[in-house]
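Remarks on the structure that follows.
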Amino acid sequence: MPVIHNRTTLPPLPGETEPSTAAAGDSWEQAWTNRSGWGGWGERTPTPPLPPGVLLESPLNHLRADLMESRLTWDGHPERTTVLDHEETTRWAEIQLYACSEQARSNHSEFPSFTGPQILQRLSDLEHTINQSQQERNRLRDVEAQAMAQLNDAQDATRDAAAKLDDLKAARKRLNDLLTIARERFPPPPTA
(Lines give C-alpha, C1' and ligand atoms only; values in the text may rest on other atoms or scores of the structure.)
Protein backbone atom coordinates (compact mmCIF):
# COMPACT_ATOMS: atom_id res chain seq x y z
CA MET A 1 0.00 0.00 0.00
CA PRO A 2 1.44 3.48 -0.82
CA VAL A 3 2.62 5.49 2.17
CA ILE A 4 2.09 9.22 2.58
CA HIS A 5 5.55 10.61 3.32
CA ASN A 6 4.55 14.02 4.59
CA ARG A 7 1.47 15.77 5.86
CA THR A 8 -1.00 15.63 2.96
CA THR A 9 -4.20 17.55 2.57
CA LEU A 10 -7.05 15.45 1.29
CA PRO A 11 -9.92 17.17 -0.53
CA PRO A 12 -13.00 17.75 1.63
CA LEU A 13 -15.87 15.31 1.47
CA PRO A 14 -19.27 16.66 0.44
CA GLY A 15 -20.64 18.50 3.46
CA GLU A 16 -17.18 19.10 5.00
CA THR A 17 -15.90 22.64 5.27
CA GLU A 18 -12.30 21.87 6.20
CA PRO A 19 -10.06 19.51 4.27
CA SER A 20 -8.69 16.57 6.23
CA THR A 21 -5.02 15.94 6.74
CA ALA A 22 -3.12 12.71 7.04
CA ALA A 23 -0.14 12.24 9.28
CA ALA A 24 3.27 11.36 7.88
CA GLY A 25 3.74 7.64 7.52
CA ASP A 26 0.03 6.88 7.32
CA SER A 27 -0.96 4.46 4.60
CA TRP A 28 -3.78 5.51 2.29
CA GLU A 29 -6.07 3.19 4.25
CA GLN A 30 -5.01 4.80 7.54
CA ALA A 31 -5.38 8.29 6.07
CA TRP A 32 -8.85 7.44 4.85
CA THR A 33 -9.81 5.98 8.23
CA ASN A 34 -8.29 8.97 10.04
CA ARG A 35 -10.24 11.30 7.80
CA SER A 36 -13.50 10.24 9.41
CA GLY A 37 -13.58 6.50 8.94
CA TRP A 38 -16.37 4.51 7.41
CA GLY A 39 -18.30 4.81 10.67
CA GLY A 40 -18.03 8.62 10.61
CA TRP A 41 -19.97 8.83 7.38
CA GLY A 42 -23.31 8.09 9.02
CA GLU A 43 -25.75 6.98 6.35
CA ARG A 44 -23.40 7.71 3.46
CA THR A 45 -21.82 4.78 1.70
CA PRO A 46 -18.24 4.69 0.39
CA THR A 47 -17.45 5.03 -3.27
CA PRO A 48 -18.09 1.63 -4.81
CA PRO A 49 -15.04 -0.29 -5.98
CA LEU A 50 -14.27 -0.53 -9.67
CA PRO A 51 -16.06 -3.37 -11.45
CA PRO A 52 -13.98 -6.54 -11.68
CA GLY A 53 -11.67 -6.62 -14.67
CA VAL A 54 -11.70 -2.88 -15.44
CA LEU A 55 -8.00 -2.48 -14.79
CA LEU A 56 -7.18 -5.81 -16.40
CA GLU A 57 -8.58 -4.78 -19.78
CA SER A 58 -5.94 -2.13 -20.50
CA PRO A 59 -3.90 -2.79 -23.65
CA LEU A 60 -0.86 -1.71 -21.64
CA ASN A 61 -1.16 -4.75 -19.40
CA HIS A 62 0.91 -7.80 -20.31
CA LEU A 63 3.15 -5.96 -22.79
CA ARG A 64 6.20 -7.95 -23.71
CA ALA A 65 9.18 -7.01 -21.55
CA ASP A 66 11.44 -6.51 -24.57
CA LEU A 67 9.03 -4.31 -26.57
CA MET A 68 11.39 -1.32 -26.47
CA GLU A 69 14.01 -3.45 -28.24
CA SER A 70 11.71 -3.66 -31.26
CA ARG A 71 12.97 -0.35 -32.66
CA LEU A 72 9.37 0.69 -33.26
CA THR A 73 8.84 4.41 -33.75
CA TRP A 74 5.75 6.38 -34.55
CA ASP A 75 6.80 6.77 -38.19
CA GLY A 76 8.58 3.44 -38.49
CA HIS A 77 12.21 2.82 -39.49
CA PRO A 78 13.83 1.78 -42.76
CA GLU A 79 14.32 -1.86 -41.71
CA ARG A 80 10.72 -2.27 -40.56
CA THR A 81 9.26 -5.50 -41.92
CA THR A 82 6.26 -4.99 -44.18
CA VAL A 83 5.29 -8.65 -44.50
CA LEU A 84 2.01 -8.07 -42.62
CA ASP A 85 1.05 -4.84 -44.41
CA HIS A 86 -1.04 -6.73 -46.98
CA GLU A 87 -3.18 -8.42 -44.30
CA GLU A 88 -6.83 -7.47 -43.90
CA THR A 89 -7.26 -5.03 -41.00
CA THR A 90 -9.02 -7.33 -38.54
CA ARG A 91 -6.33 -10.00 -38.94
CA TRP A 92 -3.52 -7.41 -39.04
CA ALA A 93 -4.65 -5.84 -35.75
CA GLU A 94 -4.95 -9.26 -34.11
CA ILE A 95 -1.42 -10.24 -35.18
CA GLN A 96 0.11 -6.89 -34.22
CA LEU A 97 -1.56 -6.82 -30.79
CA TYR A 98 -0.45 -10.39 -30.12
CA ALA A 99 3.11 -9.44 -31.15
CA CYS A 100 3.07 -6.80 -28.39
CA SER A 101 2.17 -9.35 -25.71
CA GLU A 102 4.34 -11.08 -23.16
CA GLN A 103 2.94 -14.35 -24.50
CA ALA A 104 4.42 -13.55 -27.92
CA ARG A 105 7.82 -12.92 -26.30
CA SER A 106 7.54 -16.21 -24.41
CA ASN A 107 6.78 -17.98 -27.70
CA HIS A 108 9.76 -16.27 -29.37
CA SER A 109 7.45 -14.50 -31.83
CA GLU A 110 8.55 -11.58 -33.96
CA PHE A 111 8.20 -8.01 -32.76
CA PRO A 112 5.22 -6.01 -33.98
CA SER A 113 5.79 -3.99 -37.15
CA PHE A 114 3.13 -1.27 -37.06
CA THR A 115 3.57 2.48 -37.39
CA GLY A 116 1.40 5.19 -35.86
CA PRO A 117 0.21 6.58 -39.23
CA GLN A 118 -0.55 3.03 -40.38
CA ILE A 119 -2.75 2.45 -37.32
CA LEU A 120 -4.54 5.80 -37.83
CA GLN A 121 -5.17 5.03 -41.51
CA ARG A 122 -6.47 1.54 -40.79
CA LEU A 123 -8.62 2.91 -37.97
CA SER A 124 -10.07 5.58 -40.26
CA ASP A 125 -10.77 3.01 -42.99
CA LEU A 126 -12.28 0.66 -40.43
CA GLU A 127 -14.56 3.39 -39.04
CA HIS A 128 -15.79 4.00 -42.59
CA THR A 129 -16.37 0.27 -43.07
CA ILE A 130 -18.14 0.04 -39.70
CA ASN A 131 -20.44 2.91 -40.69
CA GLN A 132 -21.24 1.21 -43.98
CA SER A 133 -21.84 -2.10 -42.21
CA GLN A 134 -24.15 -0.43 -39.69
CA GLN A 135 -26.10 1.19 -42.51
CA GLU A 136 -26.37 -2.16 -44.30
CA ARG A 137 -27.43 -3.88 -41.08
CA ASN A 138 -30.07 -1.17 -40.52
CA ARG A 139 -31.29 -1.55 -44.13
CA LEU A 140 -31.52 -5.30 -43.68
CA ARG A 141 -33.36 -4.85 -40.39
CA ASP A 142 -35.88 -2.68 -42.25
CA VAL A 143 -36.23 -5.36 -44.93
CA GLU A 144 -36.61 -7.96 -42.20
CA ALA A 145 -39.24 -5.83 -40.43
CA GLN A 146 -41.16 -5.43 -43.70
CA ALA A 147 -40.90 -9.14 -44.40
CA MET A 148 -42.05 -9.92 -40.85
CA ALA A 149 -44.96 -7.51 -41.28
CA GLN A 150 -45.85 -9.21 -44.57
CA LEU A 151 -45.48 -12.61 -42.94
CA ASN A 152 -47.70 -11.51 -40.04
CA ASP A 153 -50.26 -10.15 -42.52
CA ALA A 154 -50.12 -13.41 -44.51
CA GLN A 155 -50.47 -15.46 -41.33
CA ASP A 156 -53.45 -13.33 -40.27
CA ALA A 157 -55.01 -13.71 -43.73
CA THR A 158 -54.38 -17.48 -43.64
CA ARG A 159 -56.03 -17.74 -40.21
CA ASP A 160 -58.97 -15.65 -41.45
CA ALA A 161 -59.30 -17.79 -44.59
CA ALA A 162 -59.06 -20.99 -42.52
CA ALA A 163 -61.74 -19.72 -40.13
CA LYS A 164 -63.98 -18.76 -43.07
CA LEU A 165 -63.40 -22.17 -44.68
CA ASP A 166 -64.25 -23.89 -41.38
CA ASP A 167 -67.45 -21.80 -41.18
CA LEU A 168 -68.34 -22.70 -44.78
CA LYS A 169 -67.70 -26.42 -44.16
CA ALA A 170 -69.79 -26.25 -40.98
CA ALA A 171 -72.58 -24.56 -42.95
CA ARG A 172 -72.36 -27.29 -45.64
CA LYS A 173 -72.64 -29.98 -42.95
CA ARG A 174 -75.67 -28.21 -41.47
CA LEU A 175 -77.26 -27.95 -44.90
CA ASN A 176 -76.60 -31.64 -45.58
CA ASP A 177 -78.09 -32.50 -42.18
CA LEU A 178 -81.15 -30.35 -42.98
CA LEU A 179 -81.44 -32.05 -46.39
CA THR A 180 -81.34 -35.48 -44.71
CA ILE A 181 -84.09 -34.41 -42.29
CA ALA A 182 -86.15 -32.89 -45.08
CA ARG A 183 -85.87 -35.98 -47.30
CA GLU A 184 -86.72 -38.33 -44.47
CA ARG A 185 -89.51 -36.38 -42.83
CA PHE A 186 -90.76 -34.26 -45.68
CA PRO A 187 -89.97 -36.18 -48.83
CA PRO A 188 -90.27 -34.35 -52.12
CA PRO A 189 -93.25 -35.23 -54.30
CA PRO A 190 -92.67 -38.08 -56.75
CA THR A 191 -91.60 -36.95 -60.15
CA ALA A 192 -93.70 -37.88 -63.09
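The values are calculated or read from the model by the stated rules, or taken from the named source; none is laboratory data. What you are looking at is a predicted structure, and each value in this text was computed from that prediction instead of being measured. Here the Cβ positions follow ideal geometry from the backbone for every residue, glycine too, while neighbour counts run over all protein chains shown.
Any residue at all in region 78-101 that's exposed (fewer than 10 other Cβ atoms within 10 Å of the Cβ), of a type in the set (Asp, Glu), modelled with pLDDT under 95 and within 30 Å of ASN61 (Cα to Cα)? Yes: one or more hits.
Does ARG139 satisfy being surrounded by 10 or more Cβ atoms within 10 Å (Cβ to Cβ), of a type in the set (Lys, Arg) and within 30 Å of LEU84 (Cβ to Cβ)? In short, no.
Conditions tested, residue by residue: (1) within 25 Å of the chain's Cα centre (by Cα); (2) touching a residue at least 24 places away in the same chain (Cβ under 8 Å); (3) in a loop (DSSP other than H, G, I, E, B).
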{"position": "VAL83", "(1), (2), (3)": "no, yes, yes"}
{"position": "LEU120", "(1), (2), (3)": "yes, no, no"}
{"position": "GLN134", "(1), (2), (3)": "yes, no, no"}
{"position": "THR158", "(1), (2), (3)": "no, no, no"}
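Among the residues of region 85-112, the ones that are over 26 Å from the mean Cα position of the chain (by Cα) and without any contact (Cβ under 8 Å) to a residue 40 or more places away in the chain come to 7 in all. When LEU120 is tested against (1) surrounded by 14 or more Cβ atoms within 10 Å (Cβ to Cβ); (2) closer than 25 Å to GLU57 by Cβ, exactly one condition is not met: (1).
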